[in-house]
1. Mind checking which pairs have a first residue in the range 37-60 that is on the phi > 0 side of the Ramachandran plot and a second that is surrounded by 13 or more Cβ atoms within 10 Å (Cβ to Cβ), Cβ under 7 Å, 6 or more apart or different chains?
2. Quick one: would you say residue 36 is part of a loop (DSSP other than H, G, I, E, B) and within 19 Å of the chain's Cα centre (by Cα)?
3. For the range 30-49, which positions are of a type in the set (A, V, I, L, M), touching a strand residue (DSSP E or B) at 6+ places or on another chain (Cβ under 9 Å) and surrounded by fewer than 16 Cβ atoms within 10 Å (Cβ to Cβ)?
4. Report the residue count in the range 15-28 for those that are touching a strand residue (DSSP E or B) at 6+ places or on another chain (Cβ under 9 Å) and loosely packed, with under 15 Cβ neighbours inside 10 Å.
5. Taking the conditions exactly as written (exposed (fewer than 10 other Cβ atoms within 10 Å of the Cβ) and either modelled with pLDDT of 95 or more or part of a helix (DSSP H, G or I) (or both)), does residue 89 satisfy them or not?
6. Among the residues of the range 46-67, count how many are of a type in the set (Lys, Arg) and in a loop (DSSP other than H, G, I, E, B).
7. Can you tell me which residue within the range 1-15, out of those that are in contact (Cβ under 8 Å) with a residue 40 or more places away in the chain and not in a loop (DSSP other than H, G, I, E, B), is nearest to residue 68 (Cα to Cα)?
8. Name every residue in the range 16-32 that is assigned to a strand (DSSP E or B) and touching a His at 6+ places or on another chain (Cβ under 9 Å), in order of residue number.
Amino acid sequence: MVFVTNNTDAAFEDGYAGEVYKFLPGKPLEISVEAARHIFGYEDANKEPYLIRLGWTMTRMDMEAALEKLSKFVITEENPGKHHSLSPVVERVPLTPKRGGGKLAHIT
């Protein structure tokens, strides 16, 4: 099993072996390795047949945009949501204000 995270702005649906998978934006979905191979060309260096089947490319001129779209579907062996760390914004600790309003004293 692998997890697929759709990092596009829109939901995406496709199927394999009679099962329909709905990939919602930002939500990891667990699917079989075989389904990931069929849908996204997982573990196959030649993505062209998969991009054609998905309808994301019609000509070689469309290939770059189709590969970019495909790259937004991230496939991992571990659930990315399971070990999700806090946002860097949440982890930041605000700096304490300097005493004296931050003005420098000029010594003569």
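The values are calculated or read from the model by the stated rules, or taken from the named source; none is laboratory data. These numbers come from a predicted model, not from an experiment. No Cβ is skipped: glycine too gets one built from the backbone with ideal geometry, and neighbour counts run over all protein chains shown.
1. 41/47; 41/50; 43/37
2. Values: part of a loop (DSSP other than H, G, I, E, B): no; within 19 Å of the chain's Cα centre (by Cα): yes.
Criteria not met by residue 36.
3. Within the range 30-49, the subset of a type in the set (A, V, I, L, M) is 31, 33, 35-36, 39, 45.
Those still in the list that are touching a strand residue (DSSP E or B) at 6+ places or on another chain (Cβ under 9 Å) too: 31, 33, 35-36, 39.
Of everything in the range 30-49, just one residue is of a type in the set (A, V, I, L, M), touching a strand residue (DSSP E or B) at 6+ places or on another chain (Cβ under 9 Å) and surrounded by fewer than 16 Cβ atoms within 10 Å (Cβ to Cβ), namely 33.
4. Let us first name the residues in the range 15-28 that are touching a strand residue (DSSP E or B) at 6+ places or on another chain (Cβ under 9 Å), namely 15-16, 19-28.
Still in the running and loosely packed, with under 15 Cβ neighbours inside 10 Å: 15, 19-20, 22, 24-27.
Of the residues in the range 15-28, 8 are touching a strand residue (DSSP E or B) at 6+ places or on another chain (Cβ under 9 Å) and loosely packed, with under 15 Cβ neighbours inside 10 Å.
5. Numbers: exposed (fewer than 10 other Cβ atoms within 10 Å of the Cβ): yes; either modelled with pLDDT of 95 or more or part of a helix (DSSP H, G or I) (or both): yes.
Judged against the criteria, residue 89 is a match.
6. From the range 46-67, those of a type in the set (Lys, Arg) are 47, 53, 60; that's our starting set.
When the remaining residues are screened for being in a loop (DSSP other than H, G, I, E, B), the result is 47.
Of the residues in the range 46-67, 1 are of a type in the set (Lys, Arg) and in a loop (DSSP other than H, G, I, E, B).
7. Only one residue fits best here, namely 6.
8. The first filter runs over the range 16-32 and keeps only residues assigned to a strand (DSSP E or B), leaving 16, 19-23, 25, 29-31.
Residue satisfying the conditions is 16 alone.
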